Structure formats: structure tokens, C-alpha cells
Amino acid sequence: MITVEKALEIIISDTSVTEKSEKIDLFNSYGRTLFKDAIAESNVPPSNNSAMDGYAVFTEDLAAAEKNTPALLKIIDEVQAGYEFKGDSLKSGTAVRIMTGAPIPEGADSVIPFEETEESGDIVKVFKKTSIHENIRFAGEDIKKGNIVLKAGTRIDSAEIGLLSSINMKEIEVYKKPKVGIISTGDELAEPGLNNSGKIINSNAYVLYSEVQKYGGNPVYAGIVKDNYEDVKNCFLRMMDNDIIISSGGVSMGRYDFIPDVLKELGIDIKIEKVMMKPGKPIIFGTTGKKIFFGLPGNPVSVMVSFMQFVRPAILKMTGNYKISKPVLKAITTEVITKKAGRKHFIRGVFHIKDGKLFVSTTGPQGSGILTSMSSANCLIIVPEEIELIKIGESVDIQLTGHSEI
């Protein structure tokens, strides 16, 4: 039996980044991972432009402008965002009405906002001095031509989509999604929506399917496999065209727990069989070539915790991500937590912020079959192997389950 840290080290070391990529439309890029650096082909903004609605002026023309003695300027044109000033260079004593985002006319060196002026016919009164370059955004102020805007391995969120569109990218190259086979084992299981008298609803497959989608994989569901050695083996053989295979159930020491023996017969090099953690002690990890295999426990909470700690980072690494860790913060416990020494515990918890501090409590009963505890949780309270008691007011580590990777 090995530690969680050692198990993760083995899994990450034995997971290869895919060499496959594909080009996709930017509209369909949410959640995907950049295959190559995104480089700006032009400045953003492309030209000097106004930071607000007002008048483009010469700073010197307003040197004596005050509320009671305004400067008087002749309005010679108007420029809207998306258009350019068509006249000659701006001359002293004149102004151009300008809107936010519009290019600065040649010769102007400042923008005075409408609020500091009064317009009458083609004359504008300006009641305030201005400084050179005031309210002007310069070309390349946000992004300069040739700069790396996003590095390869960046997972694309809404802000990244906006950034890529701002540098005129409509199609991007991303890592190809790995195919992830999902196998559920057990005579006791039944799919939801059927006549399930006496059966256990197969929630694990649906949890795994959605988690694989969330973290960038393409899930392939094999269905429920009966507790029969040949059936289990044949199912694994059918799923061997996947990059990752995840099974749930059949990994413990029971009479019908065939997964370890099946994998060994199929030539899978098993690197991990037990991890010092709760929930989720019986976990199998193995490889053959660049394919990786996870045998997860059958209890629903064990499946979710095991997936988060081990399968999630493996999928993220395979798809080229350089951020694969969930953030871990310190929080103050609001209740007593007890456990036996020997295994690291991942306790479902709920954190909240009060007076600038993080506090955390458990979700209640922590049985590995209580799926409601995962639905209610927004973090996992991490209690180290040697710790048996945590008192109210003591500090603990919490892993933020819903936060993006860092």
C-alpha cells in the first residue's frame, strides 16, 4: 500500500501527453487545450484610440481653460468607433468630437470628456485643462504584435476565448480529446429508468461519463458487465482501442472481484493496487504502451474521490495541460473530526468565508455510499495519515473541488 502522493507521482510519470491535435472553430473551443502558443499577429488595440466619449484636442489649447474662462474650440468633424478621421492633421484651435474606441486623429494629443465641456453649434467650450495623452489608449497597450498571448497547454475558458478572438483568431489548434472507456461491473447493478427491483442503480457510470467530459476526454460507455471472468475479460478486450480505460467495482478482495486478474492476463503492467486513503483504498493503475488503466472501487463516493485525485490529473496531462492541481487552502474547523491513524482521509466538507477567514464543516455522515455528501460539498477536508483528532478551531487543509486547476 502506497501514499496518495506516491500514487499520483507514478500516475503522472506514466501518463504520456498525446501527440494528436485538431483544428476547431473558436466557438467550440471552451474547455479544450491549446496545442501551440497563440501569438499576436497585430497590436491590440490596433491604433491609438479614445478611452472615453469627448473631444480630441491639442493639450496646449487648454492651458488656460477654467470654469469661468473656458477655451473655445471649433468642431471640425466627428469620429465614431470603427471609423477614421478623414481630414488633415488637427490644427490648433480646433477639436474633433470622438467616441470611445475611435482612432485618435493625427495631431491630437489628448481627449477631454463631454462632462467637462459645453457644445453650441460648431463651437465647444472646454472648462478644464488636460494633460498630454490623457484618455488615450495606445496601440499595443494591451497586446503587442509578436507577443505570446497564451502558452501551449492553456485550458481555454471564456476569458481565453475573448483573448483569442481579440487577436483575430477564428480557428485554433488544440489537443485531440483522448477516448476514455468506462466499464461498470457487478450483477447487482441496473441502469436507471428500468424495472430495478432488488438492484442497485448504476450511478458510477453516469458520474464518470460526466467527469470525463468535464476534464477534456471523450467518454465511451461499455455498459454493465456481469460478475463473470470471461465477460469481464472480453469487455476489456473490446475497449482496448481507447486511450484510457476506467472500470468501477471488482477491484477488492471479494470472490467476484476479477479486475486485477483480468488485467494481468491481458498483459497490463499493474503499478498500483492499494493506496493509503479513505475513501478509495482499493485502486488499480496499470499501463500497456501509452494506454492507461484505472480500476476504481464500486462505492459512489470512492469513485468520485478517486477520480478527482488520480484520473482527473491524468486526463489533464494527457491533453497537454500544464495546470493539473486543485487548489488547497487552510481553513478553520467548526466541528470535531476524528479518524483512525494509517490512511489519509478525504472528508466531504462545506467551506464559507466570515470576517475574511475560511471556515469549514463536514457535510455530515461520511459513508462511501452516501452520494448526497458529494453533492452538498464544495471541498474535501484533507486529514493526514497520522492525525486522529482535529479540534474545533484548528486549521486544516481543504481541497476546492469546484475551482479551476492551478
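Summing +1 for each Lys or Arg and -1 for each Asp or Glu among the other residues whose beta-carbon sits under 10 angstrom from that of E405 gives +4. Computed from the C-beta positions of I24 and S210, the FRET efficiency with R₀ = 22 Å rounds to 0.55. Size estimate for the chain follows the Kirkwood approach: the inverse of mean 1/r over distinct Cα pairs works out to 25.6 Å.
Only the Cβ atoms of Lys and Arg (+1) and of Asp and Glu (-1) were treated as charged; on that basis the dipole of the chain about its Cα centre amounts to roughly 1580 debye. Take the Cα radius of gyration of the range 274-315 and divide it by 2.2 N^0.38 Å, N being the number of residues; the result is 1.12. Rg and Dmax of the range 68-219, based on Cα coordinates, read 29.9, 91 Å. For the range 257-406, the dipole from Cβ point charges (+1 on Lys and Arg, -1 on Asp and Glu) about the Cα centre works out to 260 debye, to the nearest 20.
With the alpha-carbon atoms of the range 177-319 aligned to their principal axes, the span from lowest to highest coordinate is 41, 32, 31 Å, starting with the largest.
Relative contact order of the range 160-305, please, whole-number percent, based on alpha carbon pairs below 8 angstrom and at least 6 residues apart. The normalised contact order for the range 160-305 reaches 22 percent.
Where the alpha-carbon atoms of the range 241-350 are placed on the principal axes, they occupy 49, 39, 21 Å, in descending order. Calculated FRET efficiency, K128 to D77, Cβ-Cβ distance, R0 = 22 Å: about 0.50 to the nearest 0.05. If you take the alpha carbon atoms of the range 17-68 and fit the smallest convex hull around them, that volume is 191 Å³ per residue. Plainly put, the range 49-137 has a radius of gyration that is 0.92 times its Kirkwood radius, both from alpha-carbon atoms, as the Rg/Rh ratio.
Here the range 116-187 is treated as a Stokes sphere of Kirkwood radius computed over C-alpha pairs; at 20 °C and 1.002 mPa s its diffusion coefficient rounds to 117 µm²/s. Across all directions, the average flat footprint of the convex hull enclosing the Cα atoms of the range 277-406 is 8.6 nm².
When only alpha carbons are used to place a centre, the range 139-200 and the range 252-307 end up 26 Å from one another.
On the beta carbon distance between E5 and S165, with R0 = 60 Å, the FRET formula returns roughly 0.90.
Loop-located chymotrypsin sites (Phe, Trp or Tyr not before Pro) in the range 250-332 (DSSP state not H, G, I, E or B) with no more than 14 neighbouring Cβ atoms inside 10 Å: Y322. The mean sequence distance of close C-alpha pairs (under 8 Å, at least 6 residues apart), as a share of the length of the range 49-137, puts its relative contact order at 44 percent. Taken over the alpha carbons of the range 329-406 as equal point scatterers, the Debye sum produces base-10 log I(q)/I(0) values at 0.11 Å⁻¹ of -0.26. For the range 4-45, a Kirkwood radius taken over Cα pairs fed into Stokes-Einstein (25 °C, viscosity 0.890 mPa s) yields D = 176 µm²/s. Under the combined filter of DSSP loop state and at most 13 neighbouring Cβ atoms within 10 Å, the range 62-121 retains these trypsin sites (Lys or Arg not before Pro): K67, K86, K91. For the chain, the antiparallel share of DSSP beta bridges with both residues in that region comes to about 70%.
Defining a contact as two alpha carbons under 8 Å apart and six or more residues distant in sequence, what relative contact order in percent does the chain show? RCO, the chain: 16 percent. For T185, the residues 5 or more places off, or on other chains, whose built amide H falls under 5 Å of its own are V225, S248. Between K36 and E141, how many nm apart are label points set 7 Å from Cα along the C-beta direction? Here the modelled spin labels are 3.2 nm apart.
In terms of its Cα atoms, the range 41-82 spans 48, 19, 14 Å along the principal axes, sorted from long to short. Sparse packing (at most 11 other Cβ atoms within 10 Å of the Cβ) combined with a DSSP loop state is found for the following trypsin sites (Lys or Arg not before Pro) in the range 252-301: R255. Counting only the Cα atoms, the range 134-260 fills a convex hull of 184 Å³ per residue. Name the residue, out of I182, I104, I272, whose mean-square fluctuation peaks in a Gaussian network model built on the chain with Cα pairs under 10 Å. Checking each option, the largest mean-square fluctuation is seen for I104.
Where a number appears in this text, it was derived from the coordinates with a stated rule and is not lab data. This is a predicted model, so every value here is computed, not measured. Heads up, the Cβs are rebuilt from the backbone with ideal geometry, glycines too, and the neighbour counts pull from every protein chain shown.
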